[in-house]
1. Cα centroids of the stretch 238-260 and the stretch 418-441: how far apart, whole angstrom?
2. Can you report the principal axis dimensions of the stretch 217-325 using only the alpha carbons, biggest first, rounded to whole angstrom?
3. Over the stretch 326-476, what is the relative contact order in whole percent, taking alpha-carbon pairs under 8 Å and six or more residues apart?
4. Please report 408, 199 as a ranked list, fewest other C-beta atoms within 10 angstrom at the top and most at the bottom.
5. Can you tell me, using C-alpha contacts under 8 Å and at least 6 residues apart, the relative contact order of the stretch 89-238 as a whole percent?
6. How much mean residue ellipticity at 222 nm does the chain get from its helices, if each DSSP H run of length 4 or more adds -39500 (n - 2.57) and you divide by all residues, to the nearest 500 deg cm²/dmol?
7. If a/c stays under 1.5 just call it rounded; otherwise compare a/b with b/c (prolate if a/b is bigger, oblate if not). Do that for the chain, with a ≥ b ≥ c from the square roots of the Cα gyration tensor eigenvalues.
8. So if R0 is 35 Å, what FRET efficiency would residue 107 and residue 330 give, r being the distance between their Cβ atoms, rounded to the nearest 0.05?
Ligand SMILES: Cc1ncc(COP(=O)(O)O)c(C=O)c1O
């Protein structure tokens, strides 16, 4: 009797220990918990081994260096979307347990986004968007009240952070320096000499990868009474980003980013903005979901963020965004940054050894660049090289002016009048560059492969030029 009581106690203690251990290992709803690291994340990338047919009929897995355009999805993100679709019901409109569940998840993800960018929920709110372009257009249509409202942006920007401001307001620009970096003095000069309402800058360039010191810009903007909007498309998956600066005047007022550039499929993205500012404006997108009540000829609109989300929401996009945030945070932005820097260095070193190469931006100091390297060869058309890399070697790059035309012309040294001559030209006959952009899963071996085949691709491109185009002075 005595012995069995003792063994019962031992058993109970054991059960208790097992329970405690399994509780420790349990994944809290808000974290990835998959043990993801920069070294093992490659195993989680959807489609990396998928064989695609090349022009020569060979089937190989694509080496993807086009992550600045869009990133492949991560399997745990896809799994999470699959899982949550089982409980999917209409968001914010239905009366059902599924509708309640998905509405909660949809709204709770706003808190996750706020936390991700360090924004105070008392002051900031989140509205969901289709992508960064959509977010910047919505902001421009809401914040700009009249055509004469002045917006200051820079010459480093993607068209999506330029054209919406041009179309809604009046834009002035701060120039870039000889290396293509944003000039902060120029920003201050423009602010000093003009009554600027909004400053809108990118956090990282999709052409050179330069990271902008947006908190420094915020301080300048606020000093001269302007608000600041940050295009976060190229920063969210690459560096830890906080909307909060070291002091209040360095805080960012609006931050915009896309989920499809952070390993989540189905598009989506978010604008994080000052609640009061968003409440006192309305974007020019109207319809279902944005109202309190509508009469025959009157409308009572809802408050932000609802007023910014016209139409049925993109639930899979929001679920994917939440999971992608968990995974990137688990991997750690310090690790992502170190990884990208190593790849950047290897690629730049290798490119500079190839005859007639031109690498854009500062190649001596790569420390303020995310994983984006853009280059050319002065003796061959870049489109022919990019095509050769794709068709013969299955290497995905991007060639062109990357939706940042004014910046690319500056890096080229082409004046605006000269660019006009290309307005009627085919893509191949319009100047362009080749861009390699890295994701968390790219490897040094992949960079070696690119560097190994590049000279062969250049030779083949030269032959193609001679046989088919005969461009005497190929535009690179
Ligand atoms: C710096 C920058 N801003 C904005 C965008 C637009 O993003 P999206 O295509 O997701 O709207 C991009 C896309 O490449 C970008 O690189």
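1. The stretch 238-260 and the stretch 418-441 have Cα centres separated by 30 Å.
2. The Cα atoms of the stretch 217-325 stretch 49, 38, 16 Å along their principal axes.
3. Details: 168 pairs, mean separation 48.8, N = 151.
Rounded, it is 32 percent for the stretch 326-476.
4. With the sparsest Cβ surroundings first, the list reads 408, 199.
5. Across the stretch 89-238, relative contact order equals 17 percent.
6. Working: 14 runs with 181 residues, N = 476.
It comes out at -12000 deg cm²/dmol, rounded to the nearest 500.
7. On the way: a/c = 1.89, a/b = 1.21, b/c = 1.56.
Cα axes put the chain in the oblate bin.
8. On the way: r = 23 Å, r/R0 = 0.66.
With R0 = 35 Å, the Cβ-Cβ based efficiency is 0.90.
Every read-out reported here was derived from the displayed coordinates using simple, explicitly stated rules and does not represent laboratory data. The shown structure was predicted, so the numbers you read here are calculated from the model rather than taken from an experiment. FYI the Cβ positions are ideal-geometry reconstructions off the backbone, even for glycines, and counts take in every protein chain you see.
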